[in-house]
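The values are calculated or read from the model by the stated rules, or taken from the named source; none is laboratory data. Since we're looking at a predicted model, the values are computed, not measured. Counting neighbours? That spans all protein chains shown, and the Cβs are built from the backbone with ideal geometry, glycine included.
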Amino acid sequence: MRIAYLQWLFLNLGVAKAVLLRSNFTLGNDSWWEHFQAYSDTKHLNEEWITSEATNEEGAKIYGAQWRLSQGRLRGSEWDKGLLVRTSNVAAMIGHVLETPINVLETDTLVVQYEVKVENSLTCGGAFIKLMSNLVDVEALENYLPDTKGVEIVFGPDYCAPETNGVQFAVNKVHKITNRSELKYLQETPLSRFTDTSQSHLYTLIIDGSTQSFEILIDGKTAMAREHIEDKKKVSFKPPIAPPLTIPDFSVTKPYDWDDRLRIADPEIVKPDDWNEQEPLMIPDPNSAKPLGWNSSIPLYILDHEAQKPSWWEESKHGEWIPPMIKNPLCTAEHRCNAWMPKFVKNPKHKGAWKRSAVINPNYMGEWHPPEIENPLYYEETHPLRIENEINGVILEFWSGSPNMLISNIYVGKNVTEAKIIGNKTWVMRDRVFRGLDDPTGRKFMNNRLGNLQATLQNERESPNPFDRIIDCMLQQFPKYLFTAVVMLLATLILYYVLLT
């Protein structure tokens, strides 16, 4: 009987835990999720999300885009609020100071994820998110200028036909010798899918500090994954993440006798004796004759002797008055006048400037390069994707190429499972509705998936001791689900009483 009681007890605890896991999960202390559900209107939003008031030399605002809180445009999920960019073809910027900064250690994982919905056609624009380390307060946002200072990560879709179409990724690195910060941009990028206006898209960046690898996902599917970031042949950043081992010695100049001409004029060819370079390209047609009745002595234009000097004309001020010219009435279609010129034809004797044909230079020594020397600023970069500074703010900054573009569900944290849960609660729900999969079977499938993900998250946070896990779960969730816990406890006591009697 005692065995049956224990089985029933753990069954009830398992049921309780499953109920708890299906509820809204709690983010870790080093995670941040902005779903915009807590804001009642745009005025409320602007208390936390700040735009820059910086101006250019002419006194105009650098960032002219207007933002507002939007609700209902993200259909298919209860998480339907977001930031809406109202204007297009202007620079856009808005930012938020994190209440709790995120410190990413060398071996930590950093996850950046957010949702973008483009409603109108787009020809050139982006939707970048920047993780900042110098946003100490709201004033820093109000005075923000388009600069790379304090930017730790740049991530997001970028499209400008026909040259650009990719998901950009850049990481800030501090040179260990010069202490100079510089953003390193990934050169090979996955296609952005940014022009798709049919539904929203979910962009995710995962940086694994333990393996120094990164992964870019679009709509939950891997678009690019790279390891061995230190290997320049496999992953290319510009400028390179690590300085080169050797550099050109620019103090050395090219030798005067270095022949870098690949082709030269053939010295064995001689100009023909009958080649006359003076013959013009066009000559008067020798077969052309002046038409009959053409009188070259009669001018084409003559003075108009019937014209009278204007009454206001004063020769002391305006000089001698001369009548205007008119066409000579003696010149008609039948009786041409003025000088006659024959038409021009191509000169059959013209050959142009004589040039020798080119041949391969037998003395060609190749393209000259200065010799390589050891780089005095070289150092070995063992953690190429390390986040250099603590993240204390988030900025959305880009060229707004489409009006009514929506951004929502921004996640910055150190847990991949948390990002997956958020993605499933928001974007995946919308995607399933879009694809017509929002039926009882589909909803059951999604509930099971969320339950498994939240169970995985719970296991990641729990102690390996099973009894500690049970206690932690009950302590964390007891205030929210007191009624469920009491009912299960009463059921257990009743069963125990029945078994004893």
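Brief remarks follow.
- Residue within the stretch 63-81 that is at pLDDT 75 or above and more than 29 Å from Phe434 (Cβ to Cβ) present: yes
- Test: residue in the stretch 64-75 that is surrounded by 21 or more Cβ atoms within 10 Å (Cβ to Cβ) and closer than 28 Å to Asn389 by Cβ: yes
- Flag for Val412 being within 30 Å of Ser288 (Cα to Cα), in a strand (DSSP E or B) and either in contact (Cβ under 8 Å) with a residue 60 or more places away in the chain or in the same structural domain as Gln113 (by TED's automatic domain parsing) (or both): no
- Yes/no for Gly423 being at pLDDT 90 or above, among the small types (Gly, Ala, Ser) and surrounded by fewer than 23 Cβ atoms within 10 Å (Cβ to Cβ): yes
- Looking only at residues in the stretch 145-168 that are touching a Leu at 6+ places or on another chain (Cβ under 8 Å) and assigned to a loop (DSSP other than H, G, I, E, B), the one that is surrounded by the fewest Cβ atoms within 10 Å (Cβ to Cβ) is Thr148.
- Strands (runs of 3 or more DSSP E) contained entirely in the stretch 211-271, each with at least 2 residues that are within 30 Å of Ala353 (Cβ to Cβ), at pLDDT 95 or above and in contact with a helix residue (DSSP H, G or I) (Cβ under 6 Å, 6 or more places away or on another chain): none
- Any hit, the stretch 227-236, residues being exposed (fewer than 13 other Cβ atoms within 10 Å of the Cβ), touching a strand residue (DSSP E or B) at 6+ places or on another chain (Cβ under 9 Å) and on the phi < 0 side of the Ramachandran plot: yes
- Within the stretch 311-320, the presence of a residue that is surrounded by 11 or more Cβ atoms within 10 Å (Cβ to Cβ) and under 60 Å from the mean Cα position of the chain (by Cα) is excluded.
- The residue of the stretch 110-137 that is modelled with the highest pLDDT, among those that are surrounded by 18 or more Cβ atoms within 10 Å (Cβ to Cβ) and polar (S, T, N, Q), is Gln113.
- Leading residue by the ranking (nearest to the chain's Cα centre (by Cα)) among those in the stretch 66-89 that are in a loop (DSSP other than H, G, I, E, B) and of a type in the set (Lys, Arg): Arg86
- Options Leu183, Leu217, Leu202: the member that is hydrophobic (A, V, I, L, M, F, W, C), over 15 Å from Val167 (Cα atoms) and surrounded by 14 or more Cβ atoms within 10 Å (Cβ to Cβ): Leu183
- Counted residues, the stretch 352-384 - those being surrounded by 13 or more Cβ atoms within 10 Å (Cβ to Cβ) and touching an Asp or Glu at 6+ places or on another chain (Cβ under 8 Å): 9
Okay, residues lined up against (1) farther than 30 Å from Tyr256 by Cβ; (2) touching a strand residue (DSSP E or B) at 6+ places or on another chain (Cβ under 8 Å); (3) in contact (Cβ under 8 Å) with a residue 12 or more places away in the chain:
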residue: Trp294; (1), (2), (3): yes, yes, yes
residue: Ile298; (1), (2), (3): yes, yes, yes
residue: Ala307; (1), (2), (3): yes, no, yes
residue: Ile322; (1), (2), (3): yes, yes, yes
residue: Pro329; (1), (2), (3): yes, no, no
residue: Thr332; (1), (2), (3): yes, no, no
residue: Met365; (1), (2), (3): no, no, yes
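- Sole exception among (1) farther than 23 Å from Ala170 by Cα; (2) of a type in the set (Ser, Thr, Tyr); (3) in a loop (DSSP other than H, G, I, E, B) for Tyr63, by number: (1)
- Of the residues making up the stretch 42-60, those that are in a loop (DSSP other than H, G, I, E, B) and more than 18 Å from Glu115 (Cα to Cα) number 12.
- Any hit, the stretch 101-123, residues being assigned to a loop (DSSP other than H, G, I, E, B), touching a residue at least 40 places away in the same chain (Cβ under 8 Å) and under 16 Å from Arg430 (Cβ atoms): yes
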